[in-house]
Amino acid sequence: MAIQLYSEHKVYDCTAQTFPLNSPFYLFFSFPESTLNFKFTSTILISFCLFLQFPSRKVEMGLTSSLQFRRRNNKTFLRIFMFLVLSCIPGRTNLCSNHSVSNPKDLPPSNPSDIRSSLVSLDLEGYISFDDVHNAAKDFGNRYQLPPLAILHPRSVSDISSMMKHIVHLGSTSNVTVAARGHGHSLQGQALAHQGVVIKMESLRSPDIRIYEGKQPYVDVSGGELWINILRETLKYGLSPKSWTDYLHLTVGGTLSNAGISGQAFKHGPQINNVYQLEIVTGKGEVVTCSEKRNSELFYSVLGGLGQFGIITRARIFLEPAPHMVKWIRVLYSDFSAFSRDQEHLISKEKTFDYVEGFVIINRTDLLNNWRSSFSPNDSTQASKFKSDGKTLYCLEVVKYFNPEEASSMNQETSKLLSELNYIRSTLFSSEVPYIEFLDRVHIAERKLRAKGLWEVPHPWLNLLIPKSSIFRFATEVFNNIIRSNNNGPILIYPVNQSKWIKHTSLITPNEDVFYLVAFLPSAVPNSSGKNDLEYLLKQNQRVMNFCRAANLHVKQYLPHYETQQEWKSHFSKRWETFAERKHVYDPLAILAPGQRIFQKTTTTTHSSPIQLSKSKETGSPQRYH
Ligand code: FAD
């Protein structure tokens, strides 16, 4: 653990910083060190022998010897003693190192070129690169450009552990941090490490995906594995994970660091609810296996922990039998109350759909025609008569899983569920597609956008978790007055019931059993002006946030991004102290996931304070990013 000491306004970090000879701590700490060598020990013994002879000399000179003479002799003795002691100790001592006496050339390097050389000298199964850093300098959000110093392409867990230990050894003399990078689909630089080391988790592929069938089937995967690959592999055994994200080209480590929420979350909880065991490399470089029963504090800290406590190198994920097909249904509402009442009704039932989501349609005219390419209207004559007249509409999207032999019972159940709802009858659209095609649906949209050059544009996304008690006020103001159109991207809205969710993960949610995920997912079109440009969209997000704050809606951000200490504190609210304490335990130097901007690595060059955990209100928060 790093210890920081203060002396004459200088900060000395015991993990790496050595004490200069003029430091007042020098003698105090160096004396009891086991580092003292034989030469030094003998010098002390000789000095004490000299000291013991002193009184007899004094007697010889007679008791009349002046006090002055005694003082002068004492001083002389002390000088000789100090000289002998100091001459026996090498120039510097690393007080907290395991190595007793460090040679100046063993000191951790602190300038970038020396750090580079030190990284190259690591004994790894994978490799380190310096020339492709631009690939890791940005993310899907496409708004930040922060190149790292190096990229680690790990082949094994021990590569990651060695790298972490090395960065810990560099200690506070360097500002090198580490970001695990999954698929880089963060939005505000969360997977970046400016001038640090980015660990490309997708390189960590071994051992392969391993599936265990049986009563409680599960799959073991690398933290850098993409969910789409897990799906393809588990389907070979007729199995599948239970909880998903809407898009599957994301890594296990990336989504488990957040939550992984989609239309199955009301039933199975988010992805972080469906993990049996994790292997973690902590911020100290230790490799730890954890689960509900074993190292449970680390297990729950990491789940939804925004990458702050460790790097997920392996995960064991629960599976269930996979269906072959899904019935995919969309219906429209013009009244928000009816829409949300039906959504809440569906998620409260035991026998219900397998997936419940929804989205808002503001000022879009051609939407139903777009749907027709993949969905057929139940009654095409009625559907063709439907006119939205520029009204704000709400689309309920539900799915029922089935195998071909169960088609008729599935259709009966589906009809029964639909009969309980109050949608506009002429707007029932449905489709039957293979399970994998449904789950991988956003990838199809991605291909189309890529073809138009609209995938790698800035994405000023905003994801909010809104308590059920606030959703009507939110919808009324935001969908009628703040957002004028959503031609630049979807707005998702659906409720989840967290009564079945695990409570003690690091994920922060509103304080009510039922809350809504509302996701504004626009793309800022380059060279456009007005409603599709980045500035406009960012201002719109700001207006939404300002309204939530002013109306005191108790909204929480999902995939949170904050700039100030106060914002992070109020995000975590009562759980801030625990979050910060755990950070102190598992990543005391604040090396991990700097792009989240929660904690800032303390460096001796910045002379900033260390992570301190005081119980006092004023000083109780660790040092954070501003
Ligand atoms: P990255 O962006 O690479 O990393 C995210 C954070 O996790 C970083 O702080 C990083 O340091 C950390 N991290 C990465 N790997 C590890 C690891 N192995 N161990 C520890 N920390 C790690 N989210 C949902 O919940 N539901 C959705 O439906 C959904 N849909 C999305 C659709 C699209 C098109 C996009 C772009 C994002 C979507 N997201 C969704 C958000 C997504 O889940 C997060 O942005 C997620 O972090 C991205 O995963 P990634 O592998 O790209 O992680």
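The values are calculated or read from the model by the stated rules, or taken from the named source; none is laboratory data. Because the structure is a prediction, the values reported are computed rather than measured. For neighbour counting, all protein chains shown are included, and Cβ atoms are generated from backbone atoms with ideal geometry for every residue, glycine included. Surface accessibility is based on the protein's heavy atoms, side chains included, excluding ligands, DNA and RNA. Shrake-Rupley method; radii C 1.70, N 1.55, O 1.52, S 1.80 Å.
A quick yes/no check of all residues on (1) within 16 Å of the ligand (Cβ to nearest atom); (2) within 20 Å of Leu332 (Cβ to Cβ):
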{"position": "Ser431", "(1), (2)": "no, yes"}
{"position": "Pro434", "(1), (2)": "no, no"}
{"position": "Arg441", "(1), (2)": "yes, yes"}
{"position": "Arg447", "(1), (2)": "yes, no"}
{"position": "Lys452", "(1), (2)": "yes, no"}
{"position": "Pro458", "(1), (2)": "yes, no"}
{"position": "Leu465", "(1), (2)": "yes, no"}
{"position": "Ile471", "(1), (2)": "no, yes"}
Quick check on my filter: what residues within segment 287-337 are aliphatic (A, V, I, L, M) and more than 10 Å from the ligand (Cβ to nearest atom)? Val287, Val288, Leu298, Leu303, Ile317, Leu319, Ala322, Met325, Val326, Ile329, Val331, Leu332
Looking for whichever is within 30 Å of Pro588 (Cβ to Cβ), surrounded by fewer than 23 Cβ atoms within 10 Å (Cβ to Cβ) and polar (S, T, N, Q) here; the options are Thr289, Thr251. Which one fits? Thr289
Do you know which residues across segment 300-313 are outside any loop (DSSP other than H, G, I, E, B) and surrounded by fewer than 24 Cβ atoms within 10 Å (Cβ to Cβ)? Tyr300
Within segment 346-370, residues under 25 Å from Leu439 (Cβ atoms), assigned to a helix (DSSP H, G or I) and either at pLDDT 95 or above or out of contact with any Pro (no Cβ under 9 Å at 6 or more places or on another chain) (or both) come out as Leu346, Ile347, Ser348, Leu367, Asn370
Subset of segment 184-208 that is near the ligand (Cβ under 9 Å from one of its atoms) and farther than 27 Å from Val168 by Cβ - its residue that is least open to solvent (accessible area, probe 1.4 Å): Leu187
Name every residue in segment 566-584 that is touching a residue at least 40 places away in the same chain (Cβ under 8 Å) and buried (at least 16 other Cβ atoms within 10 Å of the Cβ), in order of residue number. Trp568, Lys569, His571, Phe572, Trp576, Phe579, Ala580, Arg582, Lys583
Single unsatisfied condition, Tyr423 versus (1) in a helix (DSSP H, G or I); (2) open to solvent by less than 30 Å² (accessible area, probe 1.4 Å): (1)
Any chance segment 209-226 includes a residue that's near the ligand (Cβ under 7 Å from one of its atoms), open to solvent by 10 Å² or more (accessible area, probe 1.4 Å) and either outside the structural domain of Glu397 (by the TED database) or among the acidic types (Asp, Glu) (or both)? no
If a residue must be part of a loop (DSSP other than H, G, I, E, B) and more than 8 Å from the ligand (Cβ to nearest atom), how many such residues does segment 227-278 contain? 10
Residues (part of a loop (DSSP other than H, G, I, E, B), over 22 Å from the mean Cα position of the chain (by Cα) and touching a residue at least 12 places away in the same chain (Cβ under 8 Å)) located in segment 496-538: Glu512, Asp513, Pro522, Ser523, Ala524, Val525, Pro526
Apart from one, (1) farther than 30 Å from Asn527 by Cα; (2) at pLDDT below 95 all hold for Glu437; the odd one out is (2)
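Report yes if Lys583 is modelled with pLDDT under 95, in contact with a helix residue (DSSP H, G or I) (Cβ under 9 Å, 6 or more places away or on another chain) and not assigned by the TED database to the domain that holds Gly489, otherwise no.
Here the answer is no, as Lys583 does not meet what is asked.
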Within the bounds of segment 369-377, is there any residue that is in contact with an Asp or Glu (Cβ under 8 Å, 6 or more places away or on another chain) and crowded, with 18+ Cβ neighbours inside 10 Å? no
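Residue-wise test of (1) open to solvent by less than 20 Å² (accessible area, probe 1.4 Å); (2) under 29 Å from the mean Cα position of the chain (by Cα).
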| position | (1), (2) |
| --- | --- |
| Leu417 | yes, no |
| Glu432 | no, no |
| Glu437 | no, yes |
| Ala451 | no, no |
| Glu456 | no, yes |
Right, Gln343: within 16 Å of the ligand (Cβ to nearest atom) and buried (at least 19 other Cβ atoms within 10 Å of the Cβ) or not? no
Determine whether Ala590 is among the small types (Gly, Ala, Ser), open to solvent by less than 50 Å² (accessible area, probe 1.4 Å), at pLDDT 80 or above and in a strand (DSSP E or B). no
For segment 427-495, which helices (runs of 4 or more DSSP H) that fit wholly inside it have 3 or more residues that are out of contact with any helix residue (DSSP H, G or I) (no Cβ under 8 Å at 6 or more places or on another chain), touching a residue at least 24 places away in the same chain (Cβ under 8 Å) and not assigned by the TED database to the domain that holds Leu553? none
